[in-house]
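Shown next, in structure tokens, is the structure this report addresses.
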Amino acid sequence: MDTQQLDWIDTPPSAVTEEVRAVIERAAAQDGTAPISEQAVHALSAGGAARHLVYVSDGRTVGYAQLEPGHGEHPAMAEVVVDPSARGAGIGGRLVTEVLQVGGPGTRVWAHGNLPSAVSVAQRLGLTGVRELLQLRRPLATPELPDVVVPAGVTLRTYRGPEDDAELLRVNSAAFAWHPEQGAWTQREVDERRAEAWFDPAGLFLAYPAEGDTDRLLGFHWTKVHAPQGGAPALGEVYVVGIDPDAQGRGLGRVLTLAGLHYLRDRGLETVLLYVEGDNTAALHTYERLAFERFHIDVAYAQPSR
């Protein structure tokens, strides 16, 4: 007899964490896109406020959902994955229904890649898309990258170590105060990423005033390199670009972005990707002028407001 169990866990034991990671890897290989965000993967073993919902069938983990509680004006956020071998049995719908009930009004559920199966679940449950995150890509060889022209009065350098973290976090919080995930970064998030195999201090660019308060960060661009997967080559990423609101309007976003693109190209990478909110028209305009094109879309679904 098939036994099924749906359990909420505040801190998954290592055995469960490994099972969930295996489900995520199989789903990514099947779908061609990661079903769970990097932030959610970190939260699997990093503790924090996230809650974990595990779906077990016959003693085997076949589904997983993560719920990040809401705070202030930001609603609860959830991410869901079902093992490819267990799809078509209603597991995704059960996981989504459960996180919506526990998360409360306004809870949003991400569909990475907005795959047909996710669209189908959303339609069955009467959910609507309320937020879009676009992935853009461009080749690094052609069209040729514009030169990096640093404005007068600005100095560009790379990351020197933890001594830069306080200013990095200050600018990140100010630049992304509107963003429920990125704006909530603390020292823990920086430490976790600095410990990753992909981290390279030479790929984290910082802009400072050349005169005056030369220790006050104006903006930064953190790049990332994704290792080859299967037959796909390594990919560069414009990971985070953050500009202090007091330094807006000086063209620093373009300068920092280009500095990172040149670095990624010089490492021999062929393609670079980035993520941008679907309603961020200013950023979209900047990236489209740099020859980025839309590659795929993530959609956050929620129950319609009453």
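The values are calculated or read from the model by the stated rules, or taken from the named source; none is laboratory data. Note that the structure is a prediction, hence the values are computed from the model and not measured. All Cβ positions, glycine included, derive from the backbone under ideal geometry; neighbour counts span all protein chains shown. Keep in mind that these areas ignore ligands, DNA and RNA; they rest on the heavy atoms of the full protein, side chains included. Shrake-Rupley method; radii C 1.70, N 1.55, O 1.52, S 1.80 Å.
Here is how the numbers come out for the structure above:
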{"quantity": "Estimated distance in nm for a label pair at E293 and E181, the labels positioned 7 Å out from Cα along Cα-to-Cβ", "calculated": "2.6 nm"}
{"quantity": "Accessible area (Å², per residue) of the chain, counting only protein heavy atoms and a probe of 1.4 Å", "calculated": "49 Å²"}
{"quantity": "Förster radius 30 Å - calculated FRET efficiency between S45 and T158 (Cβ-Cβ, nearest 0.05)", "calculated": "0.55"}
{"quantity": "Q30/D246 FRET efficiency (R0 45 Å; Cβ-Cβ; nearest 0.05)", "calculated": "0.45"}
{"quantity": "Sites R60 and R188, calculated FRET efficiency, Cβ-Cβ separation with R0 25 Å, nearest 0.05", "calculated": "0.20"}
{"quantity": "Highest-first arrangement of 104-117, 220-233, where packing means the average Cβ count within 10 Å", "calculated": "104-117, 220-233"}
{"quantity": "Sites excluded, GluC sites (Glu not before Pro) in DSSP loops with at most 13 other C-beta within 10 Å, longest stretch of the chain", "calculated": "1-72"}
{"quantity": "Calculated [θ] (222 nm, deg cm²/dmol) that DSSP helices of n ≥ 4 give over the chain, each run adding -39,500 (n - 2.57)", "calculated": "-9000 deg cm²/dmol"}
{"quantity": "Whole-Hz ³J(HN,Hα) from phi, Karplus 6.51 cos²θ - 1.76 cosθ + 1.60, for the stretch 7-17, glycine and proline x", "calculated": "10, 8, 10, 7, 10, x, x, 4, 5, 5, 4"}
{"quantity": "Sulfur and carbon atoms: percent of accessible area, the chain [1.4 Å]", "calculated": "50 percent"}
{"quantity": "Selection of trypsin sites (Lys or Arg not before Pro), the stretch 110-160, meeting DSSP coil and at most 15 other Cβ within 10 Å", "calculated": "R160"}
{"quantity": "Environment charge at P12 (Cβ cut-off 13 Å; Lys +1, Arg +1, Asp -1, Glu -1)", "calculated": "-2"}
{"quantity": "Extension gain from H285 to T128, taking 0.36 nm per residue of separation minus the Cα-Cα distance", "calculated": "53.9 nm"}
{"quantity": "Percent RCO, i.e. relative contact order, over the stretch 202-306, from Cα pairs under 8 Å lying at least 6 residues apart", "calculated": "22 percent"}
